[in-house]
Amino acid sequence: MKITFFGVGYVGLVSGVCLADIGHEVCLVGRDPKKIDNLKKGILPIYEPGLDKLILKNKKRLIFTTDPKVAIEFADILFIAVGTPSKKSGACDLSQVEEVSKSIGKFINNEKIIVLKSTVPVGSEEIVGKIISKHTNKKFTLVSNPEFLKEGTAIDDFMIPDRIVIGSDDKKSLETIEELYKPIKTEIYKTDIKSAQLIKYASNSFLATKISFINEIANLAERVGANVESVAIGMGLDKRIGSQFLKAGLGYGGSCFPKDVKELMSTSKSNGYTLKILDAVDDVNKKQKVLAVKKLEKKIKIEGAKIAILGLSFKPETDDMRDAPSLEIIRELLKKGAKINAFDPIAKDNCKKIIPEAKYFDDIYETVKSVDAVIFVTEWKEIKKIDLKKLKELVKKPIIIDGRNIFNPEEMRDLGFDYQSIGRI
């Protein structure tokens, strides 16, 4: 099949390239000429393991363009996969979706299936439909096909998914999109369009709830003398609960969970209902991000101290800094008068654009030299494998705040570190 993707970010680029890999012809359209030119040369706008090789492998089935007319006329199935960032209110900004809808209405040349791949509020298909219909009388149908990609493992998530969700009120369109995904062996769940949209928000919000819940248990565990990791293992053995997303730490970040939780809260309130659980989830997560600073304040005077931050991206195997806990930690430390040394194997340049006041290093050991404390924020393998004896020799003070519970507390104390983790004593 011939497919067009509007959007060359994580969702559009990964999804489009993966669909090319299973045999479809794919046109990817973006607004930035430089980004599109770079993609034609194999230079990616994002870091995602394996994606560069997959683009090279499928270059004969991939077209990159900035021309919406060319892109729309190329295919009968058009995916909208542009960004939907949060407004200050927490609601989604649909301006990019609306812009694409206008282009589709303007250049549509025959019957099309319009697939909403972007994470959009329930009922957004009505907005898209009205905009397209305002500019054309050509026939089209609307489908919701939410994405469930995790940054760092996005290709595997697309190719070996837990499920594929397709929502539409048009039976023929559902069957067409089901056929599109036929080479991928997994359960395809077909439903109505609004339920498909809500499945995405409900799924991410539930996972965010698990994270905030275990972080609350971690904070209690410290006070009562329990070990949150033992608690999580014991909980996870219950098949009704499961072990995933029960890892205590510095909270969640990234492009999905924070935004989706806020949007679901906003949708709920606009429909006269308050999701009290999500209010609590969001509040817990905000507090958890700066927990490392509160722990550090009990150990040293922060004003004038030099602090090493190891790991900047919101999770390993990505350069994404959106809502990363490191940002809140660094900002809070700078506000309190600290000096910051920062290291990340991939994301440091992106972080530097956001917080230029910190000092950034390419070498992890240069980062920790003569610092008063070290905060482990992201569990990159390069960071997990740090030589602890060398670390002890290089730091000015052996104070460690382990925000991801990477190391064994007893071993760290035996090495002479003043060691603090999350939910462990």
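Laboratory data are not the source of any read-out in this text; all were calculated from the coordinates shown. On a predicted model such as this, the values are computed, not experimentally measured, just so you know. Quick reminder, even Gly has a Cβ in these numbers, built from the backbone with ideal geometry, and neighbours come from all protein chains shown.
Residue-level check: of (1) buried (at least 17 other Cβ atoms within 10 Å of the Cβ); (2) in a loop (DSSP other than H, G, I, E, B), residue 239 misses just (1).
Taken over region 279-299, residues that are touching a Ser or Thr at 6+ places or on another chain (Cβ under 6 Å) and either closer than 15 Å to residue 89 by Cβ or hydrophobic (A, V, I, L, M, F, W, C) (or both) amount to 2. Within the option set 90, 83, being on the phi > 0 side of the Ramachandran plot and touching a residue at least 40 places away in the same chain (Cβ under 8 Å) holds for one residue only, 90.
This table checks each residue for (1) touching a residue at least 12 places away in the same chain (Cβ under 8 Å); (2) under 22 Å from residue 294 (Cα atoms); (3) assigned to a loop (DSSP other than H, G, I, E, B).
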| residue | (1), (2), (3) |
| --- | --- |
| 374 | yes, yes, no |
| 379 | yes, yes, yes |
| 386 | yes, no, yes |
| 407 | yes, yes, yes |
| 413 | no, yes, no |
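Evaluating residue 315 against the criteria (1) surrounded by 18 or more Cβ atoms within 10 Å (Cβ to Cβ); (2) under 19 Å from the mean Cα position of the chain (by Cα); (3) over 26 Å from residue 265 (Cβ atoms) leaves one unmet condition, (3). Of all residue pairs spaced 6 or more apart or on separate chains, those with beta-carbon atoms under 7 Å, a first member in region 190-209 that is surrounded by fewer than 19 Cβ atoms within 10 Å (Cβ to Cβ) and a second member that is small (Gly, Ala, Ser) are 191/167; 192/167; 194/123; 195/167.
Yes/no per residue for (1) part of a helix (DSSP H, G or I); (2) crowded, with 23+ Cβ neighbours inside 10 Å:
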{"position": "26", "(1), (2)": "no, yes"}
{"position": "31", "(1), (2)": "no, no"}
{"position": "38", "(1), (2)": "yes, no"}
{"position": "45", "(1), (2)": "no, no"}
{"position": "52", "(1), (2)": "yes, no"}
{"position": "78", "(1), (2)": "no, yes"}
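Pairing residues of region 157-180 that are in contact (Cβ under 8 Å) with a residue 60 or more places away in the chain with residues that are surrounded by fewer than 17 Cβ atoms within 10 Å (Cβ to Cβ), at Cβ distances under 6 Å and at least 6 apart in sequence or on separate chains, gives 180/1.
Filtering region 206-222 to residues that are under 15 Å from residue 242 (Cβ atoms) and more than 19 Å from the chain's Cα centre (by Cα) leaves 213, 214. Can you tell me which residue among 291, 391 is closer than 26 Å to residue 219 by Cβ, out of contact with any Asp or Glu (no Cβ under 8 Å at 6 or more places or on another chain) and surrounded by 18 or more Cβ atoms within 10 Å (Cβ to Cβ)? Step by step, each of 291, 391 is checked, and only 291 is closer than 26 Å to residue 219 by Cβ, out of contact with any Asp or Glu (no Cβ under 8 Å at 6 or more places or on another chain) and surrounded by 18 or more Cβ atoms within 10 Å (Cβ to Cβ).
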